[in-house]
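Note sheet for the following structure.
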Amino acid sequence: MSNQPNPSKMWSGRFREPLDRTFEQWQRSFPFDWRLLPQEIAASKAHAQTIAAAGILTPDELAKTLEGLTQVAQRPLNWAHRISATSGRDPAEPGYETSNQQIEAAIVASAPQAEDIHHYVELELTKEIGALALKLHTGRSRNEQIATDMRLFVRDAIDHTLLGLTQWLEALITLAEQSKQAPMPSYTHLQRAEPILIAHWLLAYVAMIERDASRFTDARARLNVCPLGSGAVAGATLALNRQIASDALAFEAPTPNSLDATSDRDFMLDFAQAASTLGLHISRFAEEITLYATAEFGFIDLPEAFSTGSSAMPQKKNPDLTELARGKSARLLGASTALSTLIKGLPLAYNKDLQEGQEQIFDIADTLTGLLSVLPAFTRSLKLRFDKMQLAAETGYLNAMAAATYLSNKGVPFRKAHEIVANAVRLGLETQRELNTLPLTELQTLSEHFAEDFFAAITLRATLDCHDVLGGTATTRVAQALSTAKSKLAAGSWKLEADRTKPEAADA
């Protein structure tokens, strides 16, 4: 082993001893941060334009640098074509993404000296344009580079998530429309409570996803500032026009404080926490579908295209998608917690601990992509058993609240009405009769306020429609809520225009 430092390192000038080989490989981030290549290329192009405006690069040097960066950006595509040539598969073929691991391995293996994505781009750019590549690092630090790359990555991940949420919203709203005015029981404490419309149940998840979308949108707005020009910690040492890079990358403005800019990972926390809350909502949905698909409930027939069987029991149809969705929510929660724990004790400004946060963000983005790739189609494929759901809504004294309301409307204090109806339910339980089958004469022994109109007031439809309040399950209210949800969806309330999400520098 040579006693001379490795001249290929970006920082090796001060050192006289080589790195321990094991430590060198252990501390590398390139095996996972290689996926920031698109963001690193976009940010490098933006920085090249900035230093060209400052007179560091001539117009000809800028053009060569931008073209060289474009060539470096093609590396993953080049490897994909090489792998396809040896495998005989077309990269455009459905399912070809299974070769992504091969591409990843090939890229990482192609640059064994690269410490991280920044070092990789510098090495590869040097291959393309020679010593001119070394000018690109003028006036910048890896601290600001990674802060910028991660903002760009999270912004892209949020945009992708919002599009996926839109597709799931479309599926839920479509299923709600198809349910029309079909009823089902609602539950508190997992005990039947009151009848509701199936559409009302599905729109509850629409409301949750609306909140999720707003969290991601808010997080996107907060992260959309550009750290380039912040230097290692105190700001660039050149009089750079930071607005050039900010505009090139479609940021709203440059960051206002260099110390904060290089150490800030709030945007990653915002994304992680929004994702973990979305995961909770997905898990609740998955849990209800899993329960409702059991023989004990029988409300849902699981689509075979999203289910699996048992290797031992031939009759089984297992809810693998919903079970995995519950499991993925734990993964999202774990990543969010790990990120919070990572950051909580760090002094200003950059510390290499932050390298660990990248993998959490990558995992969150991949997990959300996976979930939102299957949930819309799964939701559209659900087969609701309206007969079973209606029978469950009509039995079990779910009209007791409506019965108490009937007495209350007759002038009986609600607490007294509650007691009277509870006694009526007890009578029904003891004689195995529903409230609507108890004779009026027996009911009148409990209260003189019962009359013939009582039975019309506790029919299934009347029980539903007595909840005629904003947000209630009355037929007209649910129809209004469904119309509002469709209007929001049609107006693109949860979508972002593609032109706003692609920085010009990436295509320069």
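The values are calculated or read from the model by the stated rules, or taken from the named source; none is laboratory data. No experiment lies behind these values; they were computed from the predicted model shown. Neighbour counts run over all protein chains shown; Cβ positions are idealised from the backbone, glycine included. Quick note on the areas: whole protein, heavy atoms, side chains included, nothing else; ligands and nucleic acids left out. Shrake-Rupley method; radii C 1.70, N 1.55, O 1.52, S 1.80 Å.
Some points to look at:
- The range 415-456: GluC sites (Glu not before Pro) in DSSP coil with no more than 14 other Cβ atoms inside 10 Å: 448, 452
- Taking the 1.4 Å solvent-accessible surface of the chain as the whole, the part contributed by carbon and sulfur is 53%.
- Loop-resident trypsin sites (Lys or Arg not before Pro) (DSSP state other than H, G, I, E or B) in the range 255-344 with no more than 12 further Cβ atoms inside 10 Å of their Cβ: 316, 344.
- Average accessible area per residue (Å²) across the chain - probe 1.4 Å, nucleic acids and ligands excluded: 48 Å²
- Straight-line cross-link partners of residue 486 among the aspartates and glutamates, defined as a Cα under 13 Å from its Cα and at least 8 positions apart when in the same chain: 170, 177, 210.
- Taking amide H as placed 1.01 Å from N in the peptide plane, the amide H of residue 298 sits under 5 Å from none that are at least 5 places away or on another chain.
- Positive-end residue of 440, 423, 455, charge dipole of the range 408-460 with Cβ unit charges: 423
- Environment charge at residue 393 (Cβ cut-off 13 Å; Lys +1, Arg +1, Asp -1, Glu -1): 0
- Here's how it looks for residue 226: its modeled amide H is under 5 Å from those of 253, 255, which are all 5 or more places away or on a different chain.
- Among the listed pairs 388/488; 180/328; 180/388, those beyond 23 Å (Cα-Cα): 388/488; 180/328
- Translational diffusion coefficient (Stokes-Einstein; Kirkwood radius from C-alpha pairs) of the range 310-394 at 20 °C, 1.002 mPa s, in µm²/s: 129 µm²/s
- Distance histogram for the chain (every C-alpha pair counted, 10 angstrom bins, percent rounded to whole numbers): 4, 15, 21, 20, 14, 11, 7, 5, 3, 1, 0
- Taking Cα centre as origin and charging only the Cβ of basic (Lys, Arg, +1) and acidic (Asp, Glu, -1) residues, the dipole magnitude of the chain rounds to 260 debye.
- Only helices enter this figure: runs of n ≥ 4 DSSP H residues, each worth -39500 (n - 2.57), summed and divided by the residues of the chain, yield -19500 deg cm²/dmol at 222 nm to the nearest 500.
- For the range 257-270, putting each phi into the Karplus relation 6.51 cos²θ - 1.76 cosθ + 1.60 with θ = phi - 60° gives couplings of 9, 5, 4, 5, 4, 7, 10, 5, 10, 4, 4, 6, 5, 4 Hz, in residue order, rounded to whole numbers and with x for Gly and Pro.
- Reach of residue 344 by Cα under 20 Å, taken over lysines that are not fewer than 8 positions away in the same chain: 352
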